[in-house]
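Following: one structure in structure tokens, then a few remarks.
The values are calculated or read from the model by the stated rules, or taken from the named source; none is laboratory data. All values reported here derive from a predicted model rather than from experimental measurement. All Cβ positions, even for glycine, are placed from backbone atoms using ideal geometry, and neighbour counts span all protein chains on display.
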Amino acid sequence: MKISVIGCGYLGAVHAASMVELGHEVVGIDVDQPKVEALQQATPPFYEPGFEALLGRALASGRLRFSTDVRDAAGSIVHFLCVGTPQKRGEYAADMRYVEAAVESLVQVLAPGDLVVGKSTVPVGTAARLAELVTGKVPGAMLAWNPEFLREGYAVADTLHPDRLVYGLPADPEGETARALLDEVYAPIVSAGTPQVITDYATAEMVKTAANSFLATKISFINAMAELCEATGADVKQLADAIGHDDRIGRKFLNAGLGFGGGCLPKDIRAFMARAGELGADQALTFLREVDNINMRRRIRMVELAREVCDGSLLGKRVAVLGAAFKPESDDIRDSPALNVAAQLQLQGAVVLVTDPAALDNSRREWPHLDFAETPEEAADRADAVLLLTEWPQYLELDPVAFGRVVRKKRVLDGRNALSRTTWEGAGWTYRALGRRGT
Ligand code: UGA
């Protein structure tokens, strides 16, 4: 099938190459010329495990190309909308300008029978509005909403083997046609028995924001428990293990620590609240404000803990920050808790050196006032405290004995509750973590 993918960021680029893997002929469109050139040369413009190989295979097949010209989408039958919906500056609402621009340009090249498939995370009500625009401009064209649940770091596997397919469809007979087209696009995934949920537009849009809100709530729940553990001397990690054994609760997404960041959860819960307000249903989501507050308080607590460990003052103290990406296996630094903490420490007088295996280039560009080091050892040179803020596997494997030789004071703050406390303490380190007693 001939497919176009509009927007080639983390979501769109992986989607485009994955659709080739499923057997289709794909053109990826993006307004960012350097990004398009990089993709066309099989160079991923971002770090995502497995993506380089997938992209290379897709390009070598001759069934994938990238372009900055939306006219290259003409002739495709299915058009995926994968552009970003970031938070508006100074507001909670989502900035819809990229979605609007993409649809405005796409309708110029659509033909009757074409299907536009929204994948971007959008405020509920968007699909209905865009469907009117699409069918108004191109009678016979259709629109479906097919939210994407991929996680950065696992984007390739999540796209090729999703745990469910959600189709938000128009009323029949278009709905039936759109469903058949989507089933054809995802044929190998459908025949693997992947659960399908067929809904109207509003439900499909809400599935995505509800899922991300639930995940954010789960993280903030355990972080609220961490605050209580700090007040009572209880241990949040044991608490999470114990409640996680109840399979109604589950252990996943109960890792207490510095909380959530990235380009999705923070802005999605805010956009959801903003949209609920517009719909007169803001009370239903006031709890998300608390979820957001708990999350942001963790960053402040981390800075306080660093100060406590550094004998009550950060002034002139050398602090090593391990991790800049918002999570491991990604170079994405959007709303990164680690960089946020690093900047606060620096503002309060600490001499901060940040390191990361994948996100240094992005960090240097976006946070030019921070100082960076290539390796953990360089970052920790004569450090008064070492902060683990993104739990990259290579940091979890550090040898605390050897690492202890580069620092001035053997003090480690585990912002992700991911290090082995006994190993580090055994090597003579003072170990502190959010939600757990100090030694
Ligand atoms: C999230 C969702 O998990 C995806 O399902 C969704 O498709 C995606 O947003 C999106 O909307 O596009 P992602 O932002 O890649 O995916 O990252 P997550 O794995 O959800 O992690 C989000 C943040 O939560 C990270 O900063 C992570 O460190 C933090 N986290 C996660 C915790 O603090 N504790 C946990 O137990 C789990």
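Against the conditions (1) assigned to a loop (DSSP other than H, G, I, E, B); (2) over 26 Å from the mean Cα position of the chain (by Cα); (3) in contact (Cβ under 8 Å) with a residue 60 or more places away in the chain, ALA131 satisfies every one except (1). The combined condition, being in contact (Cβ under 8 Å) with a residue 60 or more places away in the chain, closer than 26 Å to ILE219 by Cα and not aliphatic (A, V, I, L, M), is not fulfilled by ASP356. Looking only at segment 257-276, residues that are part of a loop (DSSP other than H, G, I, E, B) and near the ligand (Cβ under 6 Å from one of its atoms) come to 6 in all. Looking only at segment 107-127, filter to residues that are of a type in the set (Gly, Ala, Ser) and buried (at least 17 other Cβ atoms within 10 Å of the Cβ); which one of those is nearest to LEU279 (Cα to Cα)? Going through the qualifying residues, I end up with ALA127. Of the residues PRO393, PRO337, PRO368, the single one that is surrounded by fewer than 20 Cβ atoms within 10 Å (Cβ to Cβ), at pLDDT 95 or above and within 20 Å of the chain's Cα centre (by Cα) is PRO393. Could you go through segment 242-254 and let me know if any residue there is in contact with a helix residue (DSSP H, G or I) (Cβ under 7 Å, 6 or more places away or on another chain), among the aliphatic types (A, V, I, L, M) and more than 16 Å from the ligand (Cβ to nearest atom). No. Within segment 241-264, the set of residues being buried (at least 23 other Cβ atoms within 10 Å of the Cβ) and either in contact with a Cys (Cβ under 9 Å, 6 or more places away or on another chain) or hydrophobic (A, V, I, L, M, F, W, C) (or both) comprises ALA256, LEU258, PHE260, CYS264. Yes or no: segment 189-200 includes at least one residue that is touching a residue at least 40 places away in the same chain (Cβ under 8 Å) and closer than 28 Å to HIS161 by Cβ. Yes, the conditions are met somewhere in segment 189-200. Set side by side, the residues VAL303, VAL291 differ, and just one is of a type in the set (Val, Ile, Thr), assigned to a helix (DSSP H, G or I) and farther than 25 Å from PRO357 by Cα, which is VAL291. Every condition in (1) away from the ligand (no atom under 13 Å from the Cβ); (2) more than 26 Å from ARG297 (Cβ to Cβ) is met by VAL207 except one, and the failing one is (1). Looking at segment 395-431 only, could you name the residues that are closer than 22 Å to PHE326 by Cβ and more than 16 Å from the ligand (Cβ to nearest atom)? Correct list: GLU397, LEU398, VAL412. Would you confirm whether or not segment 233-240 contains a residue that is touching a Lys or Arg at 6+ places or on another chain (Cβ under 6 Å), surrounded by fewer than 12 Cβ atoms within 10 Å (Cβ to Cβ), small (Gly, Ala, Ser) and over 17 Å from ILE219 (Cα atoms)? Within segment 233-240, one or more residues are touching a Lys or Arg at 6+ places or on another chain (Cβ under 6 Å), surrounded by fewer than 12 Cβ atoms within 10 Å (Cβ to Cβ), small (Gly, Ala, Ser) and over 17 Å from ILE219 (Cα atoms).
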